[in-house]
Amino acid sequence: MPLLPADQITLSAAERESLQSLVRAHTTPQQIARRAQIVLLANEGVGVNETMRRLGTWDNMVRRWRKRWCSRPQDADISERLADEPRPGKPAKFTPRQICRIVALACRPPDEDDGPPISQWSRKDLADEAIRQGIVDKISQRSVGRFLKRI
């Protein structure tokens, strides 16, 4: 059974220059540089097997990124066209802002006038205080412990 032909890619001069600068830059993440190389080689008319040999990657990766480049909007930014698709899974329960506010709360000594009469925070006390201050609707002491373990 013959293989399906690879997607043909035609780049404008500006797109080609942007992709080449991404490949040359030392700060570009390796995955993005590899994807940019795949698109540049496709623009030069290099086939999937030859691209795979030159870059030392798998043919399904070459086909996937050629197809994604063609399927994404032409007016989108280069970085958006080379970006990963959203990962599956459950969204995060707490925003980074909420986590920062809970950590900041833990860095302050407990206010004896306003909160419970304690000399230092426990995870349960922090969870209760975060709920009381309206930072979160509900949170477990284990979640508070995970946040504090990161710092």
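Compared with the alpha-carbon gap, the fully stretched path from SER79 to LYS124 is longer by 11.9 nm at 0.36 nm per residue.
Let me know the shape class of the stretch 76-143, please: from the alpha-carbon gyration tensor, a ≥ b ≥ c as square roots of the eigenvalues, rounded when a/c is under 1.5, otherwise prolate if a/b is greater than b/c, or oblate. Prolate shape, in that a/c is at least 1.5 and a/b is the bigger ratio.
Would you mind classifying the stretch 1-89 by shape? Square roots of the alpha carbon gyration tensor eigenvalues, ordered a ≥ b ≥ c; an a/c under 1.5 is rounded, otherwise it is prolate if a/b is larger than b/c and oblate if not. Judged from the Cα gyration tensor, the stretch 1-89 comes out rounded (a/c under 1.5).
Can you give me the relative contact order of the stretch 13-81 as a percent, contacts being Cα pairs under 8 Å and 6 or more apart?
Numbers: 43 pairs, mean separation 18.7, N = 69.
Rounded, it is 27 percent for the stretch 13-81.
Annotation: lysines with alpha-carbon distance below 30 angstrom to LYS93 (same-chain offsets under eight excluded): LYS124, LYS138, LYS149.
Projecting the Cα positions of ALA42, PRO73, LEU55 onto the charge dipole of the stretch 13-81 (unit charges on Cβ atoms of Lys, Arg, Asp and Glu, taken about the Cα centre) puts LEU55 furthest along the positive direction.
Only the coordinates and a few stated rules stand behind these numbers; no lab work does. Quick caveat, the model's predicted, so the values are computed rather than measured. Cβ coordinates were reconstructed from backbone atoms using ideal geometry, including for glycine residues, and neighbour counts include every protein chain displayed.
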